[in-house]
Amino acid sequence: MTDPAQTLLAVRLSALAAARQTITYGDLARDLGWRIGQLTAALEALMEADAAAGRPLGAALCKARLAGEKPAPGFFAKATSLGFDTTDPVAFVAQQRAGLFGAAVTSRDPVMAPRPDCGPH
């Protein structure tokens, strides 16, 4: 991940994972000084990189304002297109977040830490 925007996003998500926190898309976009469209594109690219590397999906830390603790529908569509089983969205998000939070305990860069139990099935 050499794109500075992707690196900035990964660092922010790593900090959230280390703190065991989630964030709304709007708050994350504001924190980064981006528009929602920029954030969405960057999150999708990060999901592709995470899946290819066998990492938990950092984008799972995002939540839609009106969806409780779940990410937006686009997250699940992208995850499905990457080969993940999202038929139980709550369990899928919980698994991804557990991988991120667990990686935060064992790694200085939780978004970058490989977690084979969180990859596509």
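The values are calculated or read from the model by the stated rules, or taken from the named source; none is laboratory data. All figures in this text were calculated on a predicted structure; none of them were measured in a lab. Note: ideal-geometry Cβ built from the backbone for every residue, glycine included; neighbour counts use all protein chains shown.
Pick out the one residue from 87, 80 that is in a loop (DSSP other than H, G, I, E, B), farther than 23 Å from residue 18 by Cβ and among the β-branched types (Val, Ile, Thr).
It is 87.
Just one of 9, 57 is touching a residue at least 24 places away in the same chain (Cβ under 8 Å), out of contact with any Cys (no Cβ under 6 Å at 6 or more places or on another chain), more than 14 Å from residue 103 (Cα to Cα) and of a type outside the set (Lys, Arg); which is it?
9
Determine, yes or no, whether residue 17 is within 18 Å of residue 93 (Cβ to Cβ), crowded, with 20+ Cβ neighbours inside 10 Å and of a type in the set (Gly, Ala, Ser).
Taking the combined requirement at face value, the residue satisfies it.
Listed here are the residues, each with its yes/no results for (1) modelled with pLDDT of 95 or more; (2) in contact with a strand residue (DSSP E or B) (Cβ under 8 Å, 6 or more places away or on another chain).
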position	(1), (2)
59	yes, no
69	no, yes
84	yes, no
88	yes, no
91	yes, no
95	yes, no
100	yes, no
104	no, no
